[in-house]
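Written out below as structure tokens is the structure these notes cover.
The values are calculated or read from the model by the stated rules, or taken from the named source; none is laboratory data. Model, not experiment: these values are computed from the prediction. Here Cβ is always computed from backbone atoms with ideal geometry, including for glycine, and neighbour counts include all displayed protein chains. Areas reflect the complete protein model, heavy atoms only, side chains present, ligands, DNA and RNA absent. Shrake-Rupley method; radii C 1.70, N 1.55, O 1.52, S 1.80 Å.
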Amino acid sequence: MKKTVAYTGNEAVAHGMKQLNPDVVAAYPITPQTEIVQIFSTFVADGLVDTEFITVESEHSAMSATIGAAAAGARAMTATSSAGLAFMHEVVYVAASMRLPIVMPVVNRALSAPINIHCDHSDTMGERDSGWIQLYAENAQEAYDNLLQAVRIAEHPDVLLPVMVCMDGFIISHALENVELNDDAFVKDFVGQYKPDHYLLDAENPLTMGPLDLFDFYFEHKRAQAEAMRNAKNVILQVGKEYGEKTGRSYGFYEKYQLDDAEVAIVVMGSTAGTVKAVVDDLRRQGQKVGLLKLRTFRPFPNEELAKELQHLKAVAVMDRADSFNGFGAPIFVQTRAALYDLAQRPKIVNYIYGLGGRDCDLSQIGQVYSDLQQLAQGDGTGEIVRYLGVRE
Amino acid sequence: MNKEAKATAAKAAHAKALPGWKDLPRAGIILEPGNALQFQTGDWRVVRPVWIETNCIQCMLCWTYCPDNAVRVENGKVTGFDLAHCKGCGICANECPGKIDRETKERHKAIEMVPESKFRD
């Protein structure tokens, strides 16, 4: 029986993990993720899950233990943020290249320096080449829904890649919302049993995982890994559709909000999308044809699909909650711009880097973006291509 | 064929013999257990262990210490070395207690490390 509860993002994810009942969870604390493993530990202590809970001494060990467990044949998870994710960086790549279907909630928090505990996407952007699938949530409901779907996506035989379930630090992780939880039986049935074809604890079929490759084989293994990420696109759509049929909440690569007849639009990931929706509603009431494309899957990047959805627009603003420091533009922007390259007719596209280190992005700032976009749509040229929103000059 | 053409042809033949990415088990998983045996690490040797049977007390220390499982034991007795895999580290010779001469008190080891060059052309 479904129930609606008042949970924070961390609570929703911890309860989702309880319903998943993974075989192994490796735990290490870091703000603002700590509550996920902390709340989960109370389920372990109370005997509400069968999980082997391993308290490790660092995030590098957390991911290493998770990899070992997954390779052994277990459904294994861990959770982290920011510097914790950075600390496990080398083994994060290993999880993907060993093709282990690990699901990891990442509560997005800015990387140091300076030390900052608040939300931005620099941590997961730092892992964009790691080979992990990345799903971004707008709110606690989506974080919970993404968590459950992530297990099915990761374990699909055409994929077998780990998934980061991303949610904004504090904004989603610590804010209370209405969340509709699926019932335990549904979750159990939806994710099913993990049945790996190759695993270390298979005494009948001894094998070796994680061996050395020299120059004559590494490239072929990487090519196969790239194919798995391509395959993930279809699987994400299939799982999102099935989830929608069963829960009433469908998911794809993105959500379109008043986009189809819009003249200008914002592309954004995470909780800021919620703020943008409020501004869109307001501007639409004033007769402005504005829209939003809320990106959910950053990896794999829905290149052709995004181009198709954006091509009718006159101007697009891509909002990035991270900078790439490449001397030009930020991650989502450069990738979206590249997606538009092949279009015969393409919209003007600009970048707004915003919200770094938890800098608030409010209704008036979003309003300013749409106002800029309207000017772009009417005028000539693009002006400054890469802009910073909300920084003191 | 000149030397360069020969090298190119050999390289191409080698590459052609290797499987493409679609034919490999994912993530480099090795499905054949114990296939390390097929890799001839013995080629790496610079010195080779030579067994002097008359000095051997069959203590099994060489077999215990060998990092490559390269000391051959049959029916509970050392019979020699697996030269396809022995890397010539010399640990066996180092650990061998050998026999002590009763009068001279000299130690005569059962394993002596001899340069590979003595056995190859």
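Worth pointing out:
- Size of the stretch A:53-144 from its Cα atoms: along the principal axes, largest to smallest, the extents are 37, 29, 27 Å.
- Solvent-accessible area lost in complex, 10 Å² minimum, residues of the stretch A:216-263 relative to chain alone, 1.4 Å: A:216, A:217, A:220, A:221, A:223, A:224, A:227
- Counting only residues at least eight positions apart within a chain, or on another chain, the aspartates and glutamates with an alpha carbon under 13 Å from that of residue B:109 are B:53, B:95, B:101.
- Of the chymotrypsin sites (Phe, Trp or Tyr not before Pro) found in the stretch A:2-108, none is in coil by DSSP with at most 11 other Cβ atoms within 10 Å of its Cβ.
- Distance from the stretch A:169-240 to the stretch A:262-307 (C-alpha centre basis), Å: 29
- Global form of chain B, assessed from the alpha-carbon gyration tensor, a/c cut-off 1.5: oblate
- Order of exposure, largest accessible area first, which applies to A:64, B:117, A:81 with probe 1.4 Å: B:117, A:64, A:81
- Evaluated at q = 0.17, 0.21 Å⁻¹, the base-10 log of the normalised Debye intensity for the stretch A:254-389, with identical point scatterers placed on the Cα atoms, takes the values -0.85, -1.39.
- Computed from the C-beta positions of residue A:245 and residue B:6 and an R0 of 60 Å, the FRET efficiency is 0.40 to the nearest 0.05.
- Tensor-based shape of the stretch A:183-235 (alpha-carbon gyration tensor, a/c under 1.5 rounded, otherwise prolate or oblate): oblate
- At 1.567 mPa s and 4 °C, Stokes diffusion of the protein assembly as shown via Kirkwood alpha-carbon radius, µm² per second: 49
- With the convex hull drawn over the C-alpha atoms of the stretch A:145-205, the volume per residue is 124 Å³.
- The stretch A:269-368: relative contact order as a whole-number percent, Cα under 8 Å and 6+ apart: 31
- Averaged over the residues of peptide B:17-28, the number of Cβ atoms from other protein chains lying within 10 Å of each residue's Cβ is 6.
- Cα→Cβ-extended label distance, 7 Å offset, between residue B:50 and residue A:216, nm: 3.4
- FRET efficiency estimate (nearest 0.05) - Cβ-Cβ, residue A:234 to residue A:303, R0 22 angstrom: 0.95
- Where the Cα pairs of the stretch A:1-97 fall when distances are cut into 10 Å bins, in %: 17, 48, 29, 6, 0
- Bridge type composition, the protein assembly as shown - antiparallel percent by DSSP, nearest 5: 40
- For chain B, the longest principal axis of the Cα atoms and the long axis of helix B:3-17 meet at an angle of about 90 degrees.
- 3J(HN,Hα) couplings calculated from phi for the stretch A:345-350 with the Karplus curve 6.51 cos²θ - 1.76 cosθ + 1.60 (θ = phi - 60°) are, in sequence order, 10, 10, x, 5, 9, 10 Hz; Gly and Pro show x.
- Helix-only arithmetic for chain B: the sum of -39500 (n - 2.57) across DSSP H runs with n ≥ 4, divided by the residue total, places the mean residue ellipticity at 222 nm at -5500 deg cm²/dmol.
- Selection of chymotrypsin sites (Phe, Trp or Tyr not before Pro), the stretch B:5-95, meeting DSSP coil and at most 10 other Cβ within 10 Å: B:39
- Comparing mean-square fluctuations of B:95, B:103, B:74 from a GNM of chain B with C-alpha springs under 10 Å, the top value falls on B:103.
- Given chain B, longest segment not containing exposed loop trypsin sites (Lys or Arg not before Pro) (DSSP; at most 15 other Cβ within 10 Å): B:1-101
- Reduced Cα scattering model of the stretch B:45-94, Debye log10 I(q)/I(0), q = 0.16, 0.30, 0.32 Å⁻¹: -0.38, -1.40, -1.55
- Choice from A:178, A:351, A:21 with maximal GNM fluctuation in chain A (Cα, 10 Å cutoff): A:178
- Residues with amide H under 5 Å from that of residue A:299, placed H, sequence gap 5 or more: A:134
- Mean partner shielding of peptide A:200-206, defined as the number of other chain Cβ atoms within 10 Å of each residue Cβ, is 1.
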